[in-house]
Amino acid sequence: MSAHLMLAANAVRWLAGRKVIVDGVSVSVEPGQTLGLIGPNGSGKSSLIRLLAGLRAPAEGDVMLDRRKISGFGRRELARRVAVVEQHSMTEANVTVLDVVKLGRTPHRSALSPWTSADDEIVENTLRRVGLTDRREQFWHTLSGGERQRVQLARALAQSPSVLILDEPTNHLDIQHQIDILRLVEDLSVTTVVAIHDLNLAARFCDRIAVLSEGKLVTCGPPAEILTEKMIADVFGVEAHVSTSAHHGRLHIQFLM
Amino acid sequence: MTSSRIRPWAAGTAGVLLVLAALLVAMTAGVAIGEMTIPMKTTVAAVTNRLGLTEIAVPRIQEAVIWDYRLSRSLVAAFCGAGLALSGAILQSLLRNPLAEPYVLGISAGASTGAVSVMLLGFGAGAISLSAGAFAGALLAFAFVVMLASGRQTADRTILAGVAASQLFNALTSYIVSTSANAEQARSVMFWLLGSFAGVRWPDVALSASVVSIGLVVCIWHSRALDAFTFGEDAARSLGIAVQRVRVVLLLVTALMTATMVSMVGAIGFVGLVIPHAARFIVGPGHMRLLPACALVGALFMVVADIVSRIIIAPQVLPIGVVTALVGVPFFSVILYRARRVA
């Protein structure tokens, strides 16, 4: 795996038609760290994720990967450095777990180059890492939601990325699988950006948190500084009690209902 | 869970070889069977004579029938089947819709309108051939679909645009036929619309062979990219695929193949829909194997369908589209039924 890279957005703006979705947002992730994106629905998290991943081009501003403009990278060049896991992936194709994970090697191979033993080794390693080694022949449509996300994570890791970008990877999953997925991500040494819904999970797994509201960056910093009762009331419109957990020493957010 | 572990295409390679052998047998049968009864020995001799391999004395008329009529017809049938199946496979993967095929997307309908315009309205005053008319119609329908589905292009929008295009161009064809054709012409147009290999000759073989060969090479070259479309366009893009370019190249190749086939033999449905599903069942979803398999199975299917169309109500010939639908639908039902059981 190549050295960790730094990823940054400089005053990026993105519009859908005439509607401004991302409005002059600047965020950055230090090499090897995890940045969490939080915010209410429609705050522009997913769009910012797409800009950071280079899937959309910003109307204004730049996304920089290792101090180089992301638009200057070739598609394959970028895919060898940045891997993306979407909210939920769907397909009609009758593919197996192994087929999907092998897709991760796509950017490392030219149009007709043969599959190598090095590719095999990487695929095996990632399967082991997400605990799916003995299910490689299983069909995608027989997997549960949590297993599918693990397969997609394995596919992303098979890209041998330096930066991993996840768009609410734990949506629709039960709490055990949410923690499962985030633990796996936490153990990786890559630079990570993750959009996340659950504030407690964000506090537990992120080094820094960026708060978005109506397309604008509200604030950004370490969880303990960011996740205040005032911010939660202002941005999410919910009264909350924030304390330090006696169990894991991290922030614990309780919503007062 | 046990059934999910079975890979039905484990013996895929053997299956492909089997299909290849079956194709050769079917083509020989296709050449041997016909109105004029010609012994098998003469059939083979006529072909090998022309290839310069033998010099066996064969009645000239028999040799001419074999070489100029039946062999060319059989070859065009094979290339048509391959081209249509390939087009269907590409459209299904690219649009991520199991129902996509040239017929559904209105490309065939556009080609028919173009051909009928030349045939009945006299567009081009004889300077434009029927084929050129069909080709123009196919490209027009294709442009119509792309335009309607443009902007934020999604698979569903493209299919909907295709449905609109089919309706429009079929209506135009019917309008032209009912307002400007006499009964005799209307009958021959309807016959042509349902597909017919009657009247194809060696120039058609050369054209269909080159178009399908180019199409196959371009498609196989993009097979990795097509695999990457499994989870949609954004997923493909994040795997390093130049999504727009791949889409444009492959859609153009598909339009080219379809337009060529329709201009030659009419609009033949169901091949592009059924064959890719059957091929997937044999070799699995990976495009490196799927695309050649589609071409082979499509060729076999069409050659057999052509034989059936000639013998079922001999000496008359059924429109090939009738045969492909009659054979295709039950076959398709079986696939759907088995797929449901696996799922």
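Here the helices (runs of 4 or more DSSP H) wholly within the range B:225-315 that include at least 1 residues being over 20 Å from the mean Cα position of the chain (by Cα) are B:233-238, B:243-265, B:287-311. Candidates are the residues of the range B:73-109 that are part of a helix (DSSP H, G or I) and among the polar types (S, T, N, Q); the one that is farthest from the other protein chains (Cβ to nearest Cβ) is B:SER74. Checking the structure you have, find out if any residue of the range A:200-216 is open to solvent by 20 Å² or more (accessible area, probe 1.4 Å), of a type in the set (S, T, N, Q) and not in a loop (DSSP other than H, G, I, E, B). Checked against the condition, which is being open to solvent by 20 Å² or more (accessible area, probe 1.4 Å), of a type in the set (S, T, N, Q) and not in a loop (DSSP other than H, G, I, E, B), the range A:200-216 yields at least one hit. Among the conditions (1) over 30 Å from B:PRO276 (Cα atoms); (2) crowded, with 21+ Cβ neighbours inside 10 Å, the only one that A:ASP99 does not satisfy is (1). A single entry from A:VAL84, A:VAL163 fulfils the requirement of being in contact with a Ser or Thr (Cβ under 7 Å, 6 or more places away or on another chain), under 21 Å from A:LEU5 (Cβ atoms) and within 8 Å of chain B (Cβ to nearest Cβ): A:VAL84.
Given the criterion touching a residue at least 40 places away in the same chain (Cβ under 8 Å) and crowded, with 20+ Cβ neighbours inside 10 Å, identify the matching residue among A:THR170, A:THR191.
Numbers: A:THR170 fails: touching a residue at least 40 places away in the same chain (Cβ under 8 Å).
Only one candidate qualifies: A:THR191.
Going by the conditions given, is A:ALA111 farther than 18 Å from A:ASP187 by Cβ, facing chain B (nearest Cβ under 7 Å), among the hydrophobic types (A, V, I, L, M, F, W, C) and touching a Gly at 6+ places or on another chain (Cβ under 6 Å)? Answer is no for this residue. Filtered by the rule that a residue be in contact with an Asp or Glu (Cβ under 9 Å, 6 or more places away or on another chain), among the polar types (S, T, N, Q) and either buried (at least 23 other Cβ atoms within 10 Å of the Cβ) or over 30 Å from B:SER263 (Cβ atoms) (or both), the range B:49-73 gives a lone residue, B:ASN49.
Any residue at all in the range A:110-128 that's at pLDDT below 95, open to solvent by 50 Å² or more (accessible area, probe 1.4 Å), in a helix (DSSP H, G or I) and in the same structural domain as A:ILE165 (by TED's automatic domain parsing)? No, that holds for no residue.
Looking at this structure, is A:PHE73 in contact with a helix residue (DSSP H, G or I) (Cβ under 7 Å, 6 or more places away or on another chain) and either within 13 Å of another protein chain (Cβ to nearest Cβ) or surrounded by fewer than 22 Cβ atoms within 10 Å (Cβ to Cβ) (or both)?
Numbers: in contact with a helix residue (DSSP H, G or I) (Cβ under 7 Å, 6 or more places away or on another chain): no; either within 13 Å of another protein chain (Cβ to nearest Cβ) or surrounded by fewer than 22 Cβ atoms within 10 Å (Cβ to Cβ) (or both): yes.
Criteria not met by A:PHE73.
Here the range A:43-70 is the region considered, the condition is being part of a loop (DSSP other than H, G, I, E, B) and within 15 Å of A:SER28 (Cα to Cα), and the residue that is most open to solvent (accessible area, probe 1.4 Å) is A:ARG67.
Residue selection: A:GLN138 fails the criterion of being in contact with a Pro (Cβ under 7 Å, 6 or more places away or on another chain) and either under 30 Å from A:GLY17 (Cα atoms) or not assigned by TED's automatic domain parsing to the domain that holds A:ASN171 (or both).
Of the residues making up the range A:87-108, those that are at the interface with chain B (Cβ under 7 Å from one of its Cβ atoms) and farther than 16 Å from A:GLN152 by Cβ are A:GLU92, A:ASN94.
The values are calculated or read from the model by the stated rules, or taken from the named source; none is laboratory data. Worth saying up front: this structure is predicted, and the values here are computed from it rather than measured. All Cβ positions, even for glycine, are placed from backbone atoms using ideal geometry, and neighbour counts span all protein chains on display. Each accessible area value is taken on the protein alone, full model and side chains, heavy atoms only, with ligands, DNA and RNA left out. Shrake-Rupley method; radii C 1.70, N 1.55, O 1.52, S 1.80 Å.
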